[in-house]
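One structure is given below, encoded as structure tokens.
Please treat every number below as a calculation from the coordinates, not as lab data. On a predicted model such as this, the values are computed, not experimentally measured, just so you know. When we count neighbours, we look across all protein chains shown, and the Cβ atoms used for this are built from the backbone with ideal geometry, even at glycine.
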Amino acid sequence: MPGVLDGIRVLDFGRYIAGPYVGALLADFGADVIRIEKRGGSEDRFVLPLTTDADGRPGEGALFLQMNRNKRSVTLDPMKPEGRTALDRLVATADVVIANLPPQTMARMGLDYDSLRAVKADIILANLSSYGKDGPWATRPGFDSVGQAMCGSIYLTGEPGRPWRAPIAFVDFGTALHAAFGIAMALIEKQRSGRGQEVVGALLATAAAFNGFLLTEQSVLELDRGPIGNRAFNSGPTDLFQTRDGFIVVHTVGNPLFKRWADLMGEPEWLEDERFATDDARGDNGAVLSERMADWCAERTRDEALEALATAHVPAGPVLKPQEALDHPQVRALGLLHPVAWPGTDRPAMVAQAPIWLSETPALPPTGQAETGEHTDEVLSAIGYGAEELAALREVGAI
């Protein structure tokens, strides 16, 4: 079955997560996504290596496999005149270009929007950066952790005097998700009017949006909240709790849920206690609620606690190690990760696909990543390059 984006060609100049994940999402739904990188492979190919070569050098990594599934690979150096010509010929066949490179680098490579639309007037450019196109920090580099830090998330995570960064790159992934949404909107507009456009995303903008409700509260009430560990500002009991054989998380929001929790704890009088009358009050007095919950959990195994909470319809889940997450029956039942054969090891690599289900045009299963430059000849031959021209491009290092 063809994907819903079948016939859409995407040139992916993304690196690491924010850019490449946009391309991965589009490829999952059938777009022809061509990853373009330098000869020998870009540096993000070797993050979290899954194998090593005979000389002990790191092989291709888990990050790259996850971000570049279902794509074709072309090596190309647009900084060389011959490479720039090849780039222009590729752009002329494309619908979308993705890049999360510094603005000055994009301009030198001919990937800025003005250069691209001079080649193809209806091109769509997804231009992702750390700080956006305007402002005093527009040209500064950054990564996911900088977005986490600058939106207030890191400050509010952890304990007083000991902030913690989230290891999951939610700012990168969020920026990619917004960009994929923006590209979908741009494709719809292109169908209507024939116009292309630039889709601009920024790590700082994503981080601020994700933390928007707390920034809104601060702008009005000026509460200057600080970190409170694993508790929540406006609910309780919401925390991590240790059972006899592991940790669980419990999240209780709203009066109906709190009533079910209080009944389970055998504390009906707390339903009339002003300290726990509202979500905000329960957040302010969360330490008391967490202490009661901790005592209850300490007497039970993880499974016993989770079963009792599920019976009471109180949201809770186990704190899983990565291997436990891979093995969890709900993860397996949903088919969240797919086995992909990996050179150099007998163990399949478990790769996630787009975590969304479309009833009529579902995502395509991951087929793994391409070797560096695996499709260079195939792609360039399709736009008119002959064998001698390809050899000449290799001779000058353009491919």
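What's the percent breakdown of Cα-Cα distances in the chain across 20 Å bins, shortest bin first?
Histogramming the chain at 20 Å steps yields 23, 48, 25, 4, 0 percent.
Expected output is a single nm value to one decimal: the length gained when fully extending between ALA62 and THR361, i.e. 0.36 nm times separation in residues minus the C-alpha distance. What is it? It would help to have the intermediate numbers written out before the result.
Numbers: separation 299, 0.36 × 299 = 107.64 nm, distance 2.72 nm.
That pair, ALA62 and THR361, stretches by 104.9 nm at full extension.
Could you point to the residue in THR238, MET350, ALA138 farthest towards the positive end of the chain's charge dipole, with +1 and -1 charges on the Cβ of Lys/Arg and Asp/Glu respectively?
Working it through, the farthest residue towards the positive pole turns out to be ALA138.
Which links in LYS80/LYS120; LYS71/LYS133; LYS80/LYS190 stretch past 23 Å when you go from one Cα to the other?
Pairs exceeding 23 Å: LYS71/LYS133; LYS80/LYS190.
When DSSP assigns beta bridges and you keep just the ones with both residues in the chain, what percent turn out antiparallel, to the nearest 5? Intermediate values should be presented prior to the final figure.
On the way: 18 of 38 bridges.
Antiparallel bridges: around 45 percent, rounded to the nearest 5.
Among PHE29, VAL200, VAL47, whose Cα lies farthest out toward the positive end of the dipole of the chain, if unit charges sit on the beta carbon of Lys, Arg (+1) and Asp, Glu (-1)?
Highest projection toward the positive end goes to VAL200.
Express in whole angstrom the spacing between the alpha-carbon centres of the range 114-169 and the range 256-335.
Each part reduced to its Cα centre gives a spacing of 35 Å.
Placing unit charges on C-beta atoms (Lys and Arg positive, Asp and Glu negative, everything else neutral), compute the dipole magnitude of the range 238-321 about its Cα centre in debye, rounded to 20.
On the way: 9 positive and 17 negative charges, 76 e Å.
With Lys and Arg at +1 and Asp and Glu at -1, about 360 debye.
Along each of the three principal axes of the Cα atoms of the range 1-131, give the extent in whole Å, ordering the values from largest to smallest.
If we take the Cα atoms of the range 1-131, the spans are 46, 39, 31 Å.
Quick one: Debye curve from the C-alpha atoms of the range 250-360, no solvent, what's log10 I(q)/I(0) at q = 0.13, 0.14, 0.22 Å⁻¹?
Ignoring solvent entirely, the Cα scatterers give -0.68, -0.73, -1.19.
Starting from the Cα of LYS321, draw a straight line to each of the aspartates and glutamates and keep only those under 16 Å, dropping any in the same chain fewer than 8 residues away.
ASP245, ASP303
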